[in-house]
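The values are calculated or read from the model by the stated rules, or taken from the named source; none is laboratory data. None of these values were measured; they are calculated from a predicted model. Here the Cβ is made from the backbone with ideal geometry for all residues, glycine too, and neighbour counts use every protein chain on show.
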Amino acid sequence: MGYPKIKQVRAYVIKGGEGGGGADYHDQGEGHWIDNHIATSMGRYPEYRQSRKSFGINVLGTLVVEIEADDGTVGFAVTTGGEPACYMVEKHFARFLEGRNPFEYERIWDQMYFGSQYYGRKGIVVNAISGVDLALWDLMGKLRQEPVYHMLGGAVRDELQFYATGARPDLAKEMGFIGGKLPLYHGPIEGDEGLKKNVELIADMRSRVGEDFWLMYDCWMALDVNYATKLAHKCHEYGLKWIEEAINPDDYWGYQQLKKNVPAGMLVTTGEHESTRWGFKMLLEMGCCDIIQPDVGWCGGVTELLKISALADAHGALVVPHGSSVYSYHFVITRHNSPFAEFLMMAPKADHVAPMFHPQLLNEPIPEKGRLKVTALDKPGFGVNLNPEVKLYRPYEH
């Protein structure tokens, strides 16, 4: 069957004051739990300790990629990257797509990655590649009139189950989630007193949720091996299930040591800020972690996530993507080594379930009682629409 070729690739940012939330979910208003004294590697500087926005976590903004076929069908996706990523998409990557069959996604990905290798390989360049790749899969699904998960091999279970990331695991339990992952509030610079507060918080939450509910700590690259080891051992008696992204993502040797150091039965997880199969190969072959957590909007898109997942499967590791809404749901539902999914609690007080990429996406499915039926994904492509009320700005054209 013949398909229309790709006519045009376009890249946008959100215009005006509507950039808050959405794919750039760290860009939230005052008082949101996601920006409240969370431990970071910048915590060593007092002026950047209270808010991650203070050191610029929200400076990039959302990237919106549209890929239009000859017949007028448009696939789109959102991720982070803002204007710098727009420039790469329009001025560099578009040449590898326009005039092509959209189902040549392997060749398109390969050319984007190796064509930018001299200045890319990780970070914002791979974010941009991810946005293009996700938009391409959305277009392919729309052209075939089937959801992305069908094209990935079909569902291996009838529903997704979720753990919640947010400030209130106790409320997450009431909402039906299988676990709750807390941000770590105090880093090494705050010394023994900060460490004590971290342990007390886990102890308090354990008393609220009972014995069987998962509790995890997201350390957002803030710790060193010594501190992470002490934290793991002090929290072990309160049933901490895993310690996540504890140290610098480039310190594979540190993760290797941490995995040896943690108490028996506690998991080490990481990979949110890792890119491509080669980065995850390091984590897996060096025995750095039990669960890898690629973000499909940052690691290279669906095309690369499939390779990362196969590599993890061969190493007996689980793949639990970092929260990326529908873009990861279509993947998780098709993989046995992705038994559950993350849901970021985007309500400011983490007290109710809200769409993760609001306001940019319409028809975004959200879990009910911590679950999501596969039928909620039964729409062409990723099954979401771009909100027409969100104003887009196209900073570059080619």
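Being touching a Leu at 6+ places or on another chain (Cβ under 9 Å) and in contact (Cβ under 8 Å) with a residue 40 or more places away in the chain is the filter here; which residues of the stretch 215-230 pass it?
Within the stretch 215-230, 215, 216, 218, 219, 220, 222, 223, 227 meet the criteria.
Whether any residue in the stretch 151-171 is modelled with pLDDT of 95 or more and within 15 Å of residue 75 (Cβ to Cβ) is what I want to check.
yes
Could you list, in sequence order, all residues of the stretch 260-277 that are among the aliphatic types (A, V, I, L, M) and touching a residue at least 12 places away in the same chain (Cβ under 8 Å)?
262, 266, 267, 268
Checking residue 21 against (1) more than 23 Å from the chain's Cα centre (by Cα); (2) on the phi > 0 side of the Ramachandran plot, which single condition isn't satisfied?
Condition not satisfied by residue 21: (1).
Between residues in the stretch 243-259 that are modelled with pLDDT of 95 or more and residues that are in a helix (DSSP H, G or I) and of a type outside the set (Gly, Ala, Ser), which pairs lie under 6 Å by C-beta distance while being six or more apart or on different chains?
From residues that are modelled with pLDDT of 95 or more, the pairs are 252/282; 254/225; 257/225; 258/225.
Can you work out which of the residues in the stretch 373-389 that are out of contact with any strand residue (DSSP E or B) (no Cβ under 7 Å at 6 or more places or on another chain) and farther than 19 Å from residue 23 by Cα is surrounded by the fewest Cβ atoms within 10 Å (Cβ to Cβ)?
In this case the residue turns out to be 375.
This table checks each residue for (1) outside any helix (DSSP H, G or I); (2) polar (S, T, N, Q); (3) without any contact (Cβ under 8 Å) to a residue 60 or more places away in the chain.
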residue: 306; (1), (2), (3): no, no, no
residue: 311; (1), (2), (3): no, no, yes
residue: 343; (1), (2), (3): yes, no, no
residue: 346; (1), (2), (3): yes, no, no
residue: 352; (1), (2), (3): yes, no, no
residue: 358; (1), (2), (3): yes, no, no
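In contact with a Leu (Cβ under 8 Å, 6 or more places away or on another chain) and either modelled with pLDDT under 95 or surrounded by 19 or more Cβ atoms within 10 Å (Cβ to Cβ) (or both), is that true of residue 370?
no
Of everything in the stretch 360-388, what is touching a residue at least 24 places away in the same chain (Cβ under 8 Å), over 20 Å from the mean Cα position of the chain (by Cα) and part of a loop (DSSP other than H, G, I, E, B)? Give them in sequence order.
369, 378, 379, 380, 387, listed by residue number.
Quick check: is even one residue across the stretch 353-364 acidic (Asp, Glu), buried (at least 18 other Cβ atoms within 10 Å of the Cβ) and within 11 Å of residue 162 (Cβ to Cβ)?
No, the stretch 353-364 has no match at all.
Is it the case that some residue within the stretch 200-219 is assigned by TED's automatic domain parsing to the domain that holds residue 274, over 30 Å from residue 367 (Cα atoms), out of contact with any Cys (no Cβ under 6 Å at 6 or more places or on another chain) and not acidic (Asp, Glu)?
No - not one qualifying residue is present in the stretch 200-219.
Here are some conditions: (1) surrounded by 23 or more Cβ atoms within 10 Å (Cβ to Cβ); (2) in contact with a strand residue (DSSP E or B) (Cβ under 7 Å, 6 or more places away or on another chain). Residue 318 meets all but one. Which one does it not meet?
Every condition holds for residue 318 apart from (1).
For the stretch 313-331, name all the residues that are over 16 Å from residue 300 (Cβ atoms) and in a loop (DSSP other than H, G, I, E, B).
315, 316, 317, 320, 323, 325 - these are the residues of the stretch 313-331 that are over 16 Å from residue 300 (Cβ atoms) and in a loop (DSSP other than H, G, I, E, B).
From 331, 340, which residue is in contact with a helix residue (DSSP H, G or I) (Cβ under 8 Å, 6 or more places away or on another chain) and either surrounded by fewer than 19 Cβ atoms within 10 Å (Cβ to Cβ) or not assigned by TED's automatic domain parsing to the domain that holds residue 294 (or both)?
Residue meeting the stated conditions: 340.
Report yes if residue 129 is surrounded by fewer than 23 Cβ atoms within 10 Å (Cβ to Cβ) and of a type in the set (A, V, I, L, M, F, W, C), otherwise no.
The answer is no for residue 129.
Could you name every one of the helices (runs of 4 or more DSSP H) located completely within the stretch 71-160 that has at least 2 residues being outside the structural domain of residue 308 (by TED's automatic domain parsing), touching a residue at least 60 places away in the same chain (Cβ under 8 Å) and in contact with a strand residue (DSSP E or B) (Cβ under 6 Å, 6 or more places away or on another chain)?
It comes to 82-91, 123-144.
Could you grab me the full set of residues in the stretch 367-398 that are β-branched (Val, Ile, Thr) and over 26 Å from residue 15 (Cα atoms)?
Within the stretch 367-398, 374, 375 meet the criteria.
Against the condition buried (at least 17 other Cβ atoms within 10 Å of the Cβ), basic (Lys, Arg) and touching a Ser or Thr at 6+ places or on another chain (Cβ under 9 Å), how does residue 49 come out, does it pass?
Spelling it out, residue 49 is indeed buried (at least 17 other Cβ atoms within 10 Å of the Cβ), basic (Lys, Arg) and touching a Ser or Thr at 6+ places or on another chain (Cβ under 9 Å).
A quick yes/no check of all residues on (1) over 26 Å from residue 258 (Cα atoms); (2) in the same structural domain as residue 78 (by TED's automatic domain parsing); (3) among the hydrophobic types (A, V, I, L, M, F, W, C):
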residue	(1), (2), (3)
277	no, no, no
285	no, no, no
290	no, no, no
296	no, no, yes
310	no, no, yes
317	no, no, yes
357	yes, no, yes
